[in-house]
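Visitor: Following this message is one structure expressed as structure tokens.
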């Protein structure tokens, strides 16, 4: 038995997206990251720009802002519901790698999912961000802090879980110490030998 679905939760700058894409290529799986935006937009009826801005990086204050303004009942919850539906549809469709978007939590009742968390130390992440995205007017430290803060707030708001806690993942890999290629090889190997038969228990 092998893992049909692989979820990649990652710190900004850790190379999680690259790892997920290469793992998908190695296994012949579909790969979903930013291409989820158009699918979630179609499911929810929201503009792709709105989905891209709020689907994963929304701060914990956003749902409360929508409620306070009484806009569309609760746009944030509607968006999350659409995200959940799309991810379940993709999981049913076939083998795939899904990056971010609470996929590990949304698919928690399935027994064919390998959940991975990719992280790295600060300097390794800074170098990767500069290499992949270049310099901006905003400092690297602030970009790192803000991006992960928003991901963490969004994840914890909708899942009730602590983002990045090892208990919720099957494997946690330090891409800074191990290197991207070693992380790819590890995830591919684990996916091929995956033998889980029961959903992971909640904490």
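Any read-out appearing in this document is the output of simple, stated calculations on the displayed coordinates, not a laboratory observation. Note that the structure is predicted; figures quoted are calculated from it, not measured. Every residue, glycine among them, receives a Cβ derived from its backbone with ideal geometry; neighbour counts consider all protein chains shown.
Visitor: Of the labelled options [x] 13.6; [y] 11.5; [z] 10.8, which one gives mean projected area of the Cα convex hull in nm² as computed for this structure?
Guide: Computing mean projected area of the Cα convex hull in nm² and matching it to [x] 13.6; [y] 11.5; [z] 10.8 gives [y].
Visitor: Based on DSSP H runs of at least 4 residues, each adding -39500 (n - 2.57), what is the mean residue ellipticity at 222 nm of the chain after dividing by all its residues, to the nearest 500 deg cm²/dmol?
Guide: Numbers: 10 runs with 109 residues, N = 203.
Mean residue ellipticity, 222 nm, calculated: -16000 deg cm²/dmol.
Visitor: What ranking, highest mean first, results for peptides 169-177, 44-52 when packing means the other Cβ atoms within 10 Å averaged over each residue?
Guide: Descending mean neighbour count gives 169-177, 44-52.
Visitor: How far, in nm, would the chain grow between residue 110 and residue 149 when pulled straight, counting 0.36 nm per residue and subtracting the alpha carbon separation? If you can, show how the numbers build up before the last one.
Guide: Values: separation 39, 0.36 × 39 = 14.04 nm, distance 2.80 nm.
Taking residue 110 through residue 149 to full extension adds about 11.2 nm, to one decimal.
Visitor: Is any residue of the range 148-163 close enough, with backbone N under 15 Å, to a label point placed 7 angstrom from the Cα of residue 74 along the Cα-Cβ axis, and if so, which?
Guide: Hits in the range 148-163 for residue 74 at 15 Å: 154-160.
Visitor: Per 0.36 nm of contour for each residue apart, how much would the distance between residue 131 and residue 26 grow if the chain were fully extended, relative to their Cα-Cα spacing?
Guide: Working: separation 105, 0.36 × 105 = 37.80 nm, distance 2.39 nm.
My answer for the length gained is 35.4 nm.
Visitor: With every atom except the alpha carbons ignored, what do you get for Rg and Dmax of the range 72-190, in angstroms?
Guide: According to the Cα coordinates of the range 72-190, Rg and Dmax are 16.1, 46 Å.
Visitor: Okay, next question. Just to verify a number: FRET efficiency for residue 198 and residue 35, C-beta to C-beta distance, R0 = 41 Å, to 0.05?
Guide: Working: r = 31 Å, r/R0 = 0.76.
In this case the efficiency is close to 0.85.
Visitor: If you take all C-alpha pairs in the range 79-131, what percent of them are over 14 Å apart? Kindly include the intermediate steps, with their values, before the conclusion.
Guide: Details: 820 of 1378 pairs.
Summing the P(r) tail past 14 Å for the range 79-131 gives 60 percent.
Visitor: For the pair residue 162 and residue 81, what calculated FRET efficiency results from E = 1/(1 + (r/R0)^6), where r is the Cβ-Cβ distance and R0 = 35 Å, to the nearest 0.05? Can you show the working numbers first?
Guide: Working: r = 23 Å, r/R0 = 0.65.
The calculated FRET efficiency here is 0.95.
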